[in-house]
Amino acid sequence: MILALFVAYRLELDNAFWAGITAAVVCQPSLGSSLRKARVRAVGTFVGAAVILLLTSAFPQNRLGMLLGLALWIGVCGFFATILRHFASYGAALAGFTTAAIFADVINAPGNTFIMAATRTSEICVGIVSVAVVVLLTSVGEGRRRLAENLSRVAQQTAAGLADTLAIGPDTAASRSRRRGLIRNVIELEGLIEEAKAESHDLRRRSQILHAGLEGLFSAISASQGIANHFNAMWADATRQACIQWSWMRPAAIGSIARNVCGRPAMRRPDRFWRFR
């Protein structure tokens, strides 16, 4: 932040504080996350600035047209911010925010739109470059190692859970809790993949393989759930059949005991009693 503010003040930018704010927002605990977020913020800022230039050129003296165009663009950005994930969602939201912020500065002076867009973009870029320089000089990047460790751990836990399901049989509260934990761990792996891709160029070419591995883990967890449901259904059927057989055999057993003990035919009363129950 100090480096970003120093450069912004030296360049005599109008709103130098945006450089410091950008540096604070972009800087993340890990190298991969910082580089990924910096790249996405830069793209979102450039796209937002380009859209406000297009709106100004399309509606130079029509505020209503600019407002409608701005509302439509913010709606599009909100839609993509909803369906996208991780930093891509942040970039889509930032594109709409950048357009709205520049529009608020130039609503009374549309002729200064290009200057305001260029200034805002410069301020953001100063913060992004400052963060990139600092994290590249101070961080070694452990995203690849963390991804390998967590992927191996989650794969072992998934295999162990599947084996326990086959061994134990019917589903239990502990097994359901374990599967929910595994699902959370697999979802967290997707963020680690994005972080590792930002640090390693070769992983970008293999991203489809990594995502296929995540789908395989989800399939294994789903298979474990299906096996547990099958065991539950079998257990329920067996219990129901046992109850039916017991309800039919119980009066006969009582009659046999009565004949053996009393030496005479069993009374019908126990039979009626058990049927009533």
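A few notes on this one:
- Shape class for the stretch 2-138: oblate, because the ratio a/c of the largest to smallest gyration tensor axis (alpha-carbon atoms, square roots of eigenvalues) is 1.5 or more and b/c is at least a/b.
- Distance (nanometres) between label positions extended 7 Å along Cα→Cβ at L214 and L64: 4.6 nm
- Proximal charge balance of L11 [Cβ under 15 Å; K/R count +1, D/E count -1]: -1
Readers should treat all values here as calculations from the given coordinates under stated rules, not as data from a laboratory. Since this is a predicted model, take the numbers as computed values, not measurements. Cβ sites come from the backbone with ideal geometry, for glycine too, and all protein chains shown count toward neighbours.
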